[in-house]
Amino acid sequence: MKERDHGPPRWMDRIIEFYCRKDLLEDLQGDLHEYYARNLDKSRRKANLIFFLDILKFCRLYTIRKPKLIGQMTFFNLMQNYFKTSVRSIARNKLFSSINIVGLAVSMSIGILMITYLSQLFNYDEFHEKKELVYKIGTHYTDLDDGDVIDLASTSVYIGDLLKKDYPGIEDVLTLQGWADKDFTFNDKTLQLDGIYGSESFYNLFSFEMIEGDPATALIEPYTIVLTESAVEKFFDDESPVGQVFKSGEDLYTITGVMKDMPSNTHLPSFEMIESFATRRQKAKDSKGFVSWGNVWNYHVYLLLEENTSIETVDNYLKEISSEENAKRDHYTLSFDLVNLAHLVPGTGKSNNIGPYINWTDINKLLVLTAIILITACFNYTNLSVARSLRRVKEVGVRKVVGASKKQVLSQFLLEAILISIIALILAFGLYLLIKPEFIREVVDSESVELSFRINHVLWYFTFAVLIGVFAGLLPAIILSRLKAISILKDASRLKLFKGLTLREVLIVFQFTVSMALIISATISYRQYEFSINYDLGFRSENVLNVSLRDTDLDVELLKTELEKIPEVLDISTAIMLPGTQSMYMLDVHYQEDSLGIYYNRVDAEYLRLHEISYLVGGGFPLERKDSLAYIVIDEKICEKFGFEKPEDAIGEIFKNANDGRKLQVSGVMKDYQYADLQNTLGPTALVQNYDDKAYYLNILVKSDNMIELMDKLEGAWRSVDEVHPFEAEFYDDQLQQAYAEYKTMFRLFTFLSLIAISISLMGLLGIAVFTTEARTKEISVRKVLGASEKNLIYILSKGFIIILAISSLIAIPLAYYVFDTYVLVEFRERITIGPTELLPGVLLIIFVALATIGWQTLRASKTNPADMLRNE
């Protein structure tokens, strides 16, 4: 402690200076210093003690000074005053307050939807304890012949095994495969369980809770399975299932564990059972293609890195392996990337995802559209507030006269905007509850997205409302806070941003440009959707009913026999996939010294007849099959790739299936048909004879005037053969439409958002029209007295709005055309041509509705008696 030479410590003086009244401080402090000087004769320590006690002794009510804030308006009182003023202003201007609140509420309901949606997306796979160290391998398949690149979420078993065996720094490797659904029988009860294949590392990498069994050993041995709680309830009452044996076909499976049902916030598909990947390996031990470099279409490999292993190190491993293996291939190359477990959902666009997947591109589109709608509503508030600023000049002037600072006026009007935003938030939450189910069903289209409410959302919603209030109210608040004279306010409300346009007009132009662009977008999306579903695919799809066979041991031939007894069934065939949808299968074939990756469908002989496949030369398959030889029908692209000068030269030639070594004899060359959807480039395709009776779909050509009765007959035939599985059938045309559901969804989304934007814009336009007619009451009356007709008055009052709508149209039409022509439709190989029928109807509709809104208000003003209006003036 530092002490002054002749006085008490400074900190003691500060105490008395803090509490003592200014008019008493000098005398009291002087007297205490005199006493202190006398007491120094005793000792400095004693003098300090006495001085400190005297300071405390004189701290009495009559010596304590009043706090600075007392007598003035405290912050709380100030806020209370602002609140009351804001409530009165809202109540006094019911029409404009309603327009602002409803406009903000409609747009904020979309904002709440996006906040809830994003909070769920960022919660995927967050519960895994080792998520920071777990990475999934993705594959980039590059076709060297045509340059096509396919990004896959899957990869090969080969690369996972190689990394685990030969490369340091990788603690563990997990291999998964979907589609392990099986029928299990236990105690005479047979049920199907949905499942996946998983290697022994499943519980080391993932934090799914095991209830019974040892997670470290549960999936090591072949023919072992782990059940979920839901699956256990289907087969068992109270006994423990661990150690029990299920039968599936001729195989016996031992239950080695029970796990809790999986949560919804995971990238894995919903399953009831995990089958050991060792079973998969054992069954495929004779297949050359199972553990091959190019078999990247079905398997998912995850790496658990050691803590001191960097992702760059593993990335270099993958590049080293790719470089070595790609050098052996002539027609394709593979490269890989690593994605952290917590970043799989949402992710970048990849095919073959094992479970729920949401693309960042789609999320960004929704965010941009949401931001546009919010900005449109905020501009409504800004526009109306700026327009009505003249009415609040006196209020602001009085506040300034009594001492309100610029900052306080700014705070007042910001608080008013925030209050309106919070009121809108309440209404918006109700709207959000109404549109949430539709959003999940039509836009997200994912069972894993629930949009559940959590308590922390309240804080986010409130913060969102405050931010919207600040954004919407900032400009009016700045304008009003700068008010020193009416002339300044007038200049601000007529601020010129562009030549010939005021600020208010610019905001209205923006709103209607957005509305028109959205409705044009909806029209183009629907036209492309219509074009896609009606496109000539090159094969018959009308009246074809596709029945899912699942991966079961169903007796397909017996089922076909039962179905053929139904008179309405004209033909039946089998296939492993449905061309024209988004499903694709790929196969490597060798011909002489050359090889080629082709898209294929494995079908029976009846398939080509039922679907009316057109041939250039040759024909389909013979009905009989050979053990060592199968037949293949190829397209013109394969002929070109393998160097056949004419399609006839390919007939009878022998290809070789690179996966299983099967010989494939060319029996025909068909015309090109739509194997994939219209977004994918059509590569070489073929139809391969189904030589091992593996089929996932039954194609039934039907003809009936009573489809309900026919479906009952078909289901009855199914039940006579299979009592375990449900009868699942869809018409091919419906499935083709589902393949383009994205554009149907886009149409609905744009339509929905454009309706919101149009509603908000029209409300704002109505508000401005009301304000304009009110502000020009005297002018209208004088004009009427001088002989102006109603028609002339309507024209004069509407002229400015017509110019605004025309400018909006001139911006919106080329903008929407450019975006769709350059960015959206460019991904379609076959697409519509954008013309007047796509661009004009929506714009004309908006102009008509807007003019009707303006006309109604201006007509009402023009019909008013000028004598009444001038008397009020």
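The values are calculated or read from the model by the stated rules, or taken from the named source; none is laboratory data. Every value quoted in this text rests on a predicted model; they were computed, and no experiment measured them. Here the Cβ positions follow ideal geometry from the backbone for every residue, glycine too, while neighbour counts run over all protein chains shown. Surface areas here come from the heavy atoms of the whole protein model, side chains and all, with no ligands, DNA or RNA. Shrake-Rupley method; radii C 1.70, N 1.55, O 1.52, S 1.80 Å.
Extension gain, Ser310-Glu645: 0.36 nm per intervening residue step, less the Cα-Cα distance, totals 115.4 nm. In region 691-720, which residues have a backbone nitrogen under 15 Å from the label point lying 7 Å from Asp555's Cα in the Cα-to-Cβ direction? Flagged as within label range: 717-720. Under the simplified labelling scheme, the Asp733-Leu121 pair shows an inter-label distance of 3.6 nm, with each label point 7 Å from Cα along Cα→Cβ. Of the GluC sites (Glu not before Pro) found in region 288-394, those in coil by DSSP whose Cβ has at most 13 other Cβ atoms within 10 Å are Glu306, Glu307.
Can you give the angle from 0 to 90° between the axis of helix 311-326 and the longest principal axis of the chain, with both taken from C-alpha atoms, to the nearest 10? So the helix axis and the longest Cα principal axis differ by about 30 degrees.
What is the percent of Cα-Cα separations in region 502-553 that go past 15 Å?
Details: 951 of 1326 pairs.
Pairs farther apart than 15 Å: 72 percent.
Placing pseudo-labels 7 Å out from each Cα toward the beta carbon at Tyr795 and Lys247 gives an inter-label distance of 9.3 nm.
Go ahead and run the numbers for FRET between Ser270 and Glu774, Cβ-Cβ distance against an R0 of 51 Å, rounding to 0.05. Before the final figure, lay out each step's value.
Details: r = 60 Å, r/R0 = 1.18.
Efficiency, rounded to the nearest 0.05: 0.25.
The helix-only estimate of mean residue ellipticity at 222 nm for the chain, built from DSSP H runs of length n ≥ 4 each weighted as -39500 (n - 2.57), is -16000 deg cm²/dmol after division by the residue total.
Tell me, what % of the accessible area of the chain is carbon and sulfur with a 1.4 angstrom probe?
On the way: 23400 of 42370 Å².
Ligands and nucleic acids excluded, carbon and sulfur give 55 percent.
Within the chain, antiparallel bridges make up roughly 75 percent of the DSSP beta bridges whose residues both belong there. Across region 315-419, counting alpha-carbon atoms alone, Rg and Dmax equal 28.7, 87 Å. Go through Ile478, Tyr691, Gly294 and say which Cα lies farthest out towards the positive end of the charge dipole of the chain; charges sit on Cβ, +1 for Lys and Arg, -1 for Asp and Glu. Positive-end residue among those listed: Ile478. Its Cα centre serving as origin, region 217-265 has a Cβ charge dipole (Lys and Arg +1, Asp and Glu -1) of approximately 140 debye.
Over the alpha-carbon set of region 395-448, divide Rg by the Kirkwood Rh and report the Rg/Rh ratio to two decimals. Each step should come with its number before you reach the end.
On the way: Rg = 20.3 Å, Rh = 14.4 Å.
Over the Cα atoms of region 395-448, Rg/Rh equals 1.41.
Under Stokes-Einstein, with the Kirkwood radius over Cα pairs as Rh, the value for region 572-621 at 10 °C and 1.306 mPa s is 126 µm²/s. Probing with 1.4 Å while keeping every protein chain in the model, the per residue accessible area of region 179-219 equals 44 Å². Out of region 770-845, which trypsin sites (Lys or Arg not before Pro) are coil in DSSP terms and have no more than 13 other C-beta atoms within 10 Å? In loop regions of region 770-845 (DSSP not H, G, I, E or B), the sparsely surrounded trypsin sites (Lys or Arg not before Pro) are Arg829. Note on the chain: with charges restricted to the Cβ of Lys and Arg (+1) and Asp and Glu (-1), its dipole about the Cα centre is near 9640 debye.
Starting from the Cα coordinates of the chain, work out the convex hull volume and express it per residue in Å³. Could you put the intermediate results ahead of the total?
Numbers: hull volume 256.7 nm³, N = 873.
Enclosed volume per residue, from the Cα hull, is 294 Å³.
About its Cα centre, region 575-709 has a charge dipole of approximately 140 debye under the convention of +1 per Lys or Arg Cβ and -1 per Asp or Glu Cβ, with nothing else charged.
Which FRET efficiency value, to the nearest 0.05, is calculated for Leu144 and Asp238 with the Förster distance at 56 angstrom and r the Cβ-Cβ distance? E(calc), rounded to 0.05, equals 0.40.
Remark: region 400-483 projects, on average over all directions, an area of 7.1 nm² (convex hull of Cα atoms). Between the amide H of Asp672 and those of Glu636, distances stay under 5 Å, these residues lying 5 or more places away or on another chain, with hydrogens modeled in the peptide plane. For the peptides 515-524, 345-354, 266-275, the ranking by mean Cβ contacts within 10 Å, running from highest to lowest, is 515-524, 266-275, 345-354. Relative to the dominant Cα principal axis of the chain, helix 836-862 is inclined by about 30°.
Averaging over all projection directions, the Cα-based convex hull of region 537-608 occupies 6.7 nm² in the image plane.
For region 577-638, the set of trypsin sites (Lys or Arg not before Pro) satisfying both a DSSP loop assignment and a count of at most 14 other C-beta atoms within 10 Å is given as Lys626. In the context of the full set of protein chains, residues of region 230-383 present 44 Å² of accessible surface per residue (probe radius 1.4 Å, heavy atoms only). Summarised in one figure, the compactness ratio Rg/Rh of region 192-314, Cα atoms and Kirkwood Rh, is 1.00. Comparing Gly178, Phe202, Thr190 along the charge dipole axis of region 166-205, the residue lying farthest to the positive side is Thr190, per the Cβ-charge model.
Between Thr361 and Asn534, what's the calculated FRET efficiency when r is the beta-carbon distance and R0 is 30 Å? Round to 0.05.
Step by step, r from the Cβ atoms, then E = 0.65.
Projecting the Cα atoms of Leu252, Val514, Ala377 onto the charge dipole of the chain (Cβ charges, centred on the Cα centre) puts Ala377 farthest toward the positive pole. When its C-alpha radius of gyration is set against 2.2 N^0.38 Å (N residues), region 239-292 gives a value of 1.45. The Rg/Rh ratio of region 733-873, with both radii computed over alpha carbons and Rh defined as the Kirkwood radius, is 1.18. For region 573-697, dividing the convex hull volume of the Cα atoms by the residue count gives 98 Å³ per residue.
Between 0 and 90 degrees, the angle of helix 790-819 with respect to the longest Cα principal axis of the chain falls at about 50 degrees.
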